[in-house]
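Read through the structure below, which is laid out as structure tokens, and then see the notes.
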Amino acid sequence: MGASVPTPADAAGGAAPLLSVRNLSVEFQVEGGQVQAVRDISFDLRPGEILGLVGESGSGKSVSMSSLLRLNPSPPARITGGSVLFQGTDLLALSERQLRRFRGREIAMVFQDPAMSLNPVQTVGSQITEAMQVHDRGLSRRDARARAIELLDLVGVPAPTVRYSQYPHEFSGGMRQRAMIAMALSNRPKLLIADEPTTALDVTVQAQILDLLQDIQREEQVSIILITHDIGIIAEVADRVLVMYAGKVVETAGVGPLFETPLHPYTRGLLASLPRLDAPGGDLPSIPGQPPSLNPPPSGCAFHPRCSLSAGRERCRTELPDLADAGGQHHVACHFFAELRDSAPPGAAGEPAATDMDRGYAR
Amino acid sequence: MSASPPPDVVIADTGVTGPPASERRPSWHESPLRISIRRFCRHRLALASLITLVLLAVMAIFAPLLAPDPPNAVNISLYQQAPSAAHWLGTDQAGRDVLSRLIFGARVSLTVAVTSAISAGLIGLILGLLGGFLGGWVDSVVMRLTEIILSFPALVVIILIVAIIGPSVTAIVVVIALTQWPTACRIVRQATRSLKEMDFITAARATGCSNLRIMTRHILSGVMPPLTVVLTLLSAEAILLEAALSFLGLGVNVPESSWGGMMQAAQSLTTLSTLPWLWLPPGIIIAVAVLAINFVGDGLRDALDTRQQT
Amino acid sequence: MVAFIARRLAIAVPVLLGILLIAFFFVHLLPGSPIQMMINPNQLSGPDSTKYLASLKSELGLDKPLPVQWFDWMVQVFRGNLGYSYQENVPVTTLISQRVGATVTLSLTALLLALVIAVPVGVVAAFKQRSWFDYVSVGLSMVAISIPVFFLGLMAIYFFSLHLGWFPPGGRNTLGVEDSLSDTISHLALPGCVLASVLIGPYVRYVRQSMLEVLHMDYIRTAIAKGVPRMRIVFKHALRNALIPLTTVLAIQIPALLAGTLVIETVFAWPGLGQMVYQAINDRDYPVILAVVMLSAALVVVFNLIADIVAAVLDPRIRI
């Protein structure tokens, strides 16, 4: 049934959420049955915030966000339940044509940039203007071109007038990603979903793109959902974090509290496995085992086979934990999180995570 | 601090709990060959086609046992009879039983097809390996050669050469091979070039393998899958070429005649309209054989596709 | 772009030379000495014959080493002297020019028909993957590439002409009847369709394959996320990218088209170059055969060149 999520009344500041996802479930039809890629997730996104969505491959993070705009090809993917309320409208209930008015306009999406995210036979500029012309028929070519060049400049592409007429293969990876962001911003969206935007980029370029995203949040007042498997990026950029595992949200908190006091065993495992400059030498800890198959999903808590907090307890094996309120906007899906909360914070070095943030991650 | 400290979730030394043994993956391995065979058998169409081809081969091999009459038994009194109980597919203008000729025809058509395909494949393999692996001027020469040969319409060149050296079975096989090897060569060359860049080749070089050894041991096995697929293509093409040659009266001059040769008489409009049993059966059986080969080729291509995992 | 064209031309030249070399071999290997092929029999009788023979011999360089002979022969070819037909005693070029129109009509019709049918079918089959339409199209195209062309022609004549009487069984126009469009079309219909089927089979498969690959590309997903309407995605984004490899495929199929033309013209008694070559084969008229073979090979090279240039125009990545 419905997990308990922070309702608008809980939210400090009381602003109505921009996006409200409730009980979203997505399954994939495969040869041997169905894979429950996303299982009954719910969360809110407040206007102007950067929500980090972190999880490993197979956790359902990309699938869930692509489903907001119904971008998953419909066989084999199928949205089996839930609602996605964007400023009051349920996106899942819209027809394809109605939904198209949101795509690229109210909600924009940026993908990981393997070289083929942009059409190789069209100039970058024309692809940006297309994004505008599709939603505004009356826009003249000159105006569209001018705005596109303006956008390229905004995202930090040097010599934008020249770059406008160039082809994607003439751009470097980082510049292509900037161009994609420019394209996404062209219709002044309220929400930008960035799916692993930096994964394919060099570390230095990564930092630039992350800075760009933060600038966009601040100056253009765009809310951002940032999907990544790299928890270090979350630490740098996100305001709030959603941790996903095996198709479910297992923990959600503000970024400070999450790093200071992670309450889900999985999150703890993730944080502990980060290499740290201040840690003594030795083997890097890792979470034993593998993520489970979701065809069908395991009974009870999906993490229980790998969880030492569980230690084989019956309840973990049979009962699926709901997101429980741990105080201060912090929610955890674990039956026994209280035991962790009442103990000292973890970490091989025994230092609180806040210190790591002060030092700044070498990312 | 509580009296009994809760188990530290973070692992490392002791108390590591992994998934229970029952949930771990089985450790037996499947060789790529078995995986490919299994995937091939899943294509029912390809499997049925393979069986069809085997049946055709059996028919060719055991022709003397299967054919009701000798294929060359001329008997003018039985001239041009429609299909009947005695002659299931009727008789031709010389009174020969069409069904028997059809069965024996398999021998010629299939032999020519298989031998020329294998020959073309061999030539293409060697040249493709050399060109793809050695690169440089060797590659340029091989590429130009393939382009030149592929520019000529195969049928016409074959006709020309056969006109010079005479229409023996060997000649036709050789000439078909000479016009078809570039197709195999292109595929082998492409495969070789992509394999050459892979890390396991660099590793082999680092252990001191000579070029020849790398080519024959490492690249050859990697090139086999696409080559097998190409071989099916070549066989199909060879059957069609031989049939067209024989139909035009320029093919093998063996008395039994191939399937294409049986259709030669249909060039006349009267024969075409009045004696359909002469030319329809061989045409249909050619189409069936080539279709089966093509389906098998498709099945092979899917089964050997290294990008898929199941 | 210019550099690309120049480079492409540079590659085509050795290929053309290779073709000419092979043709030259044939000139020597085929029965009938080189001089017999190039000789104008009309000038053999009469007072100037010895002078003519002598000048021809020196023009062909028959007393010089082979490479020089080759060069001299090529000069002859480029001057338009492709030899004299053994059978008809006229220059081969005359014969070719008489018949080339018919062949061009037939092959162009087949090519256009094939494209008009194959491209939409392939696109729709890719779009509606795994639908009945997809299975039927793929099945039919498999059958099309497996049936011998001449057999298809025979069946076409048998069913549609001899038994149903819808079309004439051969020839280009009805004897004694004035040239009219409908007459030409009714004669063109069967051979055109049968020849087209040689191309439709592979084309449908290539178009479908290419379209399928493109539809799964990341930039299509980006376009959907931008809110581009579906039809526009298919035509502007997918099709444009999918058709690029097809120009090359088109060029590769030209030799098959030419070979098919020979067979079809024979089966349908179509008065084109193919039928001429077939008759020449039976008459052992080697100059004719050789000339047509050379020309078709050269044509293929030209087509490949054009196809590569068109591909470079469509795909900016190739121009490097």
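The figures follow:
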| item | result |
| --- | --- |
| Among (1) out of contact with any Lys or Arg (no Cβ under 7 Å at 6 or more places or on another chain); (2) away from chain A (no Cβ under 14 Å) - the single one C:MET217 does not satisfy | (2) |
| Qualifying positions in the range C:281-301 - more than 10 Å from every other protein chain (Cβ to nearest Cβ) and closer than 20 Å to C:VAL77 by Cβ | C:ASP285, C:PRO287, C:VAL288, C:ALA291, C:LEU295 |
| Test set (1) part of a helix (DSSP H, G or I); (2) touching a residue at least 12 places away in the same chain (Cβ under 8 Å) - C:PHE235 fails condition number | (2) |
| One residue from B:ASP305, B:ASP298 being at pLDDT 80 or above and surrounded by fewer than 22 Cβ atoms within 10 Å (Cβ to Cβ) | B:ASP298 |
| Given (1) more than 14 Å from chain B (Cβ to nearest Cβ); (2) of a type in the set (Gly, Ala, Ser); (3) under 25 Å from C:VAL234 (Cβ atoms), index of the condition C:GLY80 fails | (3) |
| Answer from C:GLY46, C:GLY80, C:GLY32 - the residue that is in a loop (DSSP other than H, G, I, E, B) and modelled with pLDDT of 75 or more | C:GLY80 |
| Search result, residues across the range C:306-320 that are more than 10 Å from every other protein chain (Cβ to nearest Cβ) and crowded, with 18+ Cβ neighbours inside 10 Å | C:ALA307, C:ASP308, C:ALA311, C:ALA312 |
| Count of residues meeting criterion [touching a residue at least 60 places away in the same chain (Cβ under 8 Å) and not β-branched (Val, Ile, Thr)] in the range A:95-139 | 12 |
| Flag if A:ASP44 is free of Cβ contacts under 8 Å to residues at least 60 places away in the same chain and among the acidic types (Asp, Glu) | yes |
| Residue tally, condition touching a residue at least 24 places away in the same chain (Cβ under 8 Å) and more than 10 Å from every other protein chain (Cβ to nearest Cβ), over the range B:136-145 | 2 |
| Breaking point among (1) under 30 Å from A:ASP136 (Cβ atoms); (2) within 14 Å of the chain's Cα centre (by Cα), for C:ARG230 | (2) |
| Matching residues in the range C:17-28 - criterion: being buried (at least 17 other Cβ atoms within 10 Å of the Cβ) and closer than 30 Å to C:LEU314 by Cα | C:GLY18, C:ILE19 |
| Given (1) assigned to a helix (DSSP H, G or I); (2) at pLDDT below 90; (3) away from chain C (no Cβ under 14 Å), number of the condition B:LEU155 does not satisfy | (3) |
| Residues within the range B:255-292 that are surrounded by 18 or more Cβ atoms within 10 Å (Cβ to Cβ), among the β-branched types (Val, Ile, Thr) and either more than 8 Å from chain C (Cβ to nearest Cβ) or at positive phi (or both), tallied | 2 |
| Search result, residues across the range C:86-104 that are closer than 13 Å to C:ALA280 by Cβ and modelled with pLDDT of 85 or more | C:LEU95, C:ILE96, C:ARG99 |
| Residue in the range A:52-80 that is farthest from the other protein chains (Cβ to nearest Cβ), counting only those that are closer than 16 Å to A:VAL249 by Cα and assigned to a strand (DSSP E or B) | A:GLY52 |
| Out of A:ALA144, A:ALA108, A:ALA115, A:ALA148, sole residue that is under 28 Å from C:ALA242 (Cα atoms), of a type in the set (Gly, Ala, Ser) and in contact with a strand residue (DSSP E or B) (Cβ under 7 Å, 6 or more places away or on another chain) | A:ALA108 |
| Selection count where residues are more than 19 Å from the chain's Cα centre (by Cα), aromatic (Phe, Trp, Tyr) and facing another protein chain (nearest Cβ under 10 Å), scope the range C:108-151 | 1 |
| Residue within the range C:152-160 that is more than 9 Å from chain B (Cβ to nearest Cβ) and over 19 Å from C:LEU199 (Cα atoms) present | yes |
| Only listed residue being in contact with a Ser or Thr (Cβ under 7 Å, 6 or more places away or on another chain), farther than 27 Å from C:PRO91 by Cβ and at pLDDT below 90, chosen from C:ALA311, C:ALA297 | C:ALA311 |
| C:HIS163 vs. criteria within 14 Å of chain B (Cβ to nearest Cβ), closer than 30 Å to A:ASN72 by Cβ and without any contact (Cβ under 8 Å) to a residue 12 or more places away in the chain | no |
| Any hit, the range C:291-302, residues being surrounded by fewer than 22 Cβ atoms within 10 Å (Cβ to Cβ) and over 18 Å from the mean Cα position of the chain (by Cα) | no |
| Unmet requirement for B:THR170, which otherwise passes all of (1) away from chain C (no Cβ under 14 Å); (2) at pLDDT below 80; (3) closer than 27 Å to B:ALA106 by Cβ | (2) |
| Spans of helices (runs of 4 or more DSSP H) in the range A:231-347 with at least 2 residues more than 23 Å from the chain's Cα centre (by Cα) | A:314-318, A:337-341 |
| Search result, residues across the range C:83-94 that are assigned to a helix (DSSP H, G or I) and either in contact (Cβ under 8 Å) with a residue 40 or more places away in the chain or buried (at least 17 other Cβ atoms within 10 Å of the Cβ) (or both) | C:VAL92, C:THR93 |
| Selection status of C:TYR219, closer than 30 Å to A:SER95 by Cα and of a type in the set (Phe, Trp, Tyr) | yes |
| Meets criteria (closer than 23 Å to C:LEU21 by Cα, of a type in the set (Lys, Arg) and in contact (Cβ under 8 Å) with a residue 24 or more places away in the chain) for C:ARG284 | yes |
| The range B:77-91, residues that are within 35 Å of the chain's Cα centre (by Cα) and surrounded by fewer than 24 Cβ atoms within 10 Å (Cβ to Cβ) | B:PRO83, B:HIS87, B:TRP88, B:LEU89, B:GLY90 |
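Condition check ((1) touching a helix residue (DSSP H, G or I) at 6+ places or on another chain (Cβ under 8 Å); (2) crowded, with 16+ Cβ neighbours inside 10 Å; (3) free of Cβ contacts under 8 Å to residues at least 40 places away in the same chain; (4) within 14 Å of chain B (Cβ to nearest Cβ)) across all residues:
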position	(1), (2), (3), (4)
A:ILE231	yes, yes, no, no
A:VAL241	yes, yes, no, no
A:ARG276	yes, yes, no, yes
A:CYS301	yes, yes, yes, yes
A:PRO305	yes, yes, yes, yes
A:LEU323	no, yes, no, no
A:ALA326	yes, yes, no, no
A:HIS331	no, yes, no, no
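The values are calculated or read from the model by the stated rules, or taken from the named source; none is laboratory data. Note that this is a predicted model, so its numbers are computed, not measured. Neighbour counts are summed over all protein chains in view; Cβ atoms, including those assigned to glycine, are modelled from backbone coordinates with ideal geometry.
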